[in-house]
Structure formats: C-alpha cells, structure tokens
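Chemist: A single structure is presented below for examination.
Coordinate-derived values only; no laboratory data. What you see is a predicted model, and the numbers here were worked out from it, not measured in a lab. Reconstructed Cβ throughout: ideal geometry from the backbone, glycine too, with neighbour counts over all protein chains shown.
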Amino acid sequence: AQTVTQSQPEMSVQEAETVTLSCTYDTSENNYYLFWYKQPPSRQMILVIRQEAYKQQNATENRFSVNFQKAAKSFSLKISDSQLGDTAMYFCAYSGGGADGLTFGKGTHLIIQP
Amino acid sequence: NAGVTQTPKFRVLKTGQSMTLLCAQDMNHEYMYWYRQDPGMGLRLIHYSVGEGTTAKGEVPDGYNVSRLKKQNFLLGLESAAPSQTSVYFCASSHRGGWGNTEAFFGQGTRLTVV
C-alpha cells in the first residue's frame, strides 16, 4: 500500500517570506500522480498543484511550485512571497491513477504571520 | 454551478442512532468518494463508487454503508453511530479516469459529532 508522509505538523513564517513544505511517499508504481491540496479554515479542499510522475519538469502555478525528486520519492511544495491568505492546512496526496481515490498525508498547518 | 453538495453540513447524533449523509454532484461524474478527516490523520477513504449501482470499500469502511442508486448521488449511512465516528466527512467526485487524468471536486464537508 502506498503511504504519504508529511513530517512537519506545523510551520510559521512571516508574510512575504518563502516557505517549503515537505512530503515523501512510498510506492512501487512507476506511473502515478501527486497533489498538494489547501484546506483553509472554511474547510473547503482546494487543489493547489499537481504533478505527473512521468514528467520530469516540476509543476508551477503562480507563487506555488514543487520540487519533485522521483528517485528520492520526495515532493515538496514551495510557496513564494507568502500571503496571509496562504494560512491553511496543506495536504500532500498520491494517486496511482486508478479509481480508488487519493492517499493523503497527515497535513501541515501553515501559519503566515503579518 | 453547484459542483458537489453535501447534506447536512452539521449534525449531532446520540450513540446508537442512525443517519444518512447525502452527496450530490451536477457534473455528470462517474466516480464518487467518501472520506473522513480526523485531527492529525489527514483524509482517509471510506468507500467509493465507479458508477451507478457499484460501490467498493476503501481504507476505513467498518461501520459505514453506501449506495449509488443514481449517478449524481452517493449516500453514506451510519446504522448505529459510535463516538469513534465523530469526524468531518467529505464527498468528492471526478470523471472516469480517476484522480490522475482529471481534476476531482470536493464538497464542503459535514461535521458529525456522536455523543
């Protein structure tokens, strides 16, 4: 079974700083997909960024980018120029591409301080 | 433009009571999922469905039942609620192809407390 590990339960940075959230995973598959979801206090799950394992290029979405290291099974999220609205729980998730859903990490609570 | 709608948003049950959570999606998605979220545990898959009339067990199915009688609806039932089922429940849906090939959409969650 696949596992996803987020080793930072909570992080706090100052507004405008850059922050990196860590995620490692375990799988025997060669093709798979990785995701970062944001969950603000409203509880809504919001897709931040996704990465296909067969793509070597790291995904980017505006201020959000990933560092995907397939051999190391690492998938970190970098948030540049952090904003107060980035305060949220962030979940790393894995999919083998099939129908059986996502495997989530336990989450990192990110706090952006003014 | 509703997306995925969960009913109810909040509920308090007494131990032993039963209830059904409703998930409705208006995007004609084939796949639907039920997750539970507990503090420090992330989201864990309870049951899922790949089409009308089909269901399958996820990681934590015990104590729950599901039904998918209509493509747009996915029901999660608790026959005899227990305090261990106190959690936030999320429904999600996606087109055929699963999470890898298409974006999945989540409902707003249902906070259930069993006393």
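Chemist: Using a Gaussian network for chain B with springs between C-alpha atoms less than 10 Å apart, which of these wobbles most: B:GLU79, B:GLU59, B:GLU30?
Modeler: Residue with maximal mean-square fluctuation among B:GLU79, B:GLU59, B:GLU30: B:GLU59.
Chemist: Here's a follow-up. Top mean-square fluctuation among B:MET19, B:MET27, B:MET41, Gaussian network model of chain B, C-alpha springs under 10 Å?
Modeler: The residue with the greatest mean-square fluctuation here is B:MET41.
Chemist: Per-residue HN-Hα couplings for the stretch B:50-66, Karplus 6.51 cos²θ - 1.76 cosθ + 1.60 at θ = phi - 60°, whole Hz, x for Gly and Pro?
Modeler: 9, x, 3, x, 10, 9, 8, 7, x, 6, 10, x, 5, x, 10, 10, 9
Chemist: Please tell me the relative contact order of chain B in percent, rounded to the nearest whole number, where contacts are Cα pairs under 8 Å and at least six residues apart.
Modeler: Once divided by the residue count of chain B, the mean separation gives 35 percent.
Chemist: Using Cα positions and a limit of under 28 Å, work out the lysines in reach of A:LYS78, with same-chain residues fewer than 8 apart set aside.
Modeler: Excluding near neighbours in sequence, the set is A:LYS38, A:LYS55, A:LYS70, A:LYS106.
Chemist: Now a separate question. List the residues whose amide H sits under 5 Å from the amide H of A:ILE49, counting only those 5 or more places along or on another chain, with H placed 1.01 Å from N in the peptide plane.
Modeler: Long-range HN contacts for A:ILE49: A:TRP36.
Chemist: Still on this structure, please answer the following. Listed highest first by mean packing, meaning other Cβ atoms within 10 Å per residue, what order do A:65-74, A:105-114 come in?
Modeler: Output ranking for A:65-74, A:105-114: A:105-114, A:65-74.
Chemist: Same structure, new question: Round to the nearest 0.05 the FRET efficiency obtained for A:ILE111 and A:LYS55 when R0 = 41 Å and r is the Cβ-Cβ distance.
Modeler: According to the calculation, E is roughly 0.85.
Chemist: Output wanted: per-residue J couplings in Hz (rounded whole) for the stretch B:104-115, from phi through Karplus 6.51 cos²θ - 1.76 cosθ + 1.60, θ = phi - 60°, x for Gly and Pro.
Modeler: Calculated HN-Hα couplings, in order: 9, 10, 9, x, 8, x, 10, 8, 10, 10, 10, 10 Hz.
Chemist: Here's a follow-up. Which FRET efficiency value, to the nearest 0.05, is calculated for B:GLU103 and A:ARG63 with the Förster distance at 25 angstrom and r the Cβ-Cβ distance?
Modeler: That gives a FRET efficiency of 0.80.
Chemist: Let me ask you something else. For n ≥ 4 DSSP H runs only, could you compute -39500 (n - 2.57) per run for the protein assembly as shown, divide by its residues and tell me the 222 nm figure to the nearest 500?
Modeler: Value at 222 nm, helices only: 0 deg cm²/dmol.
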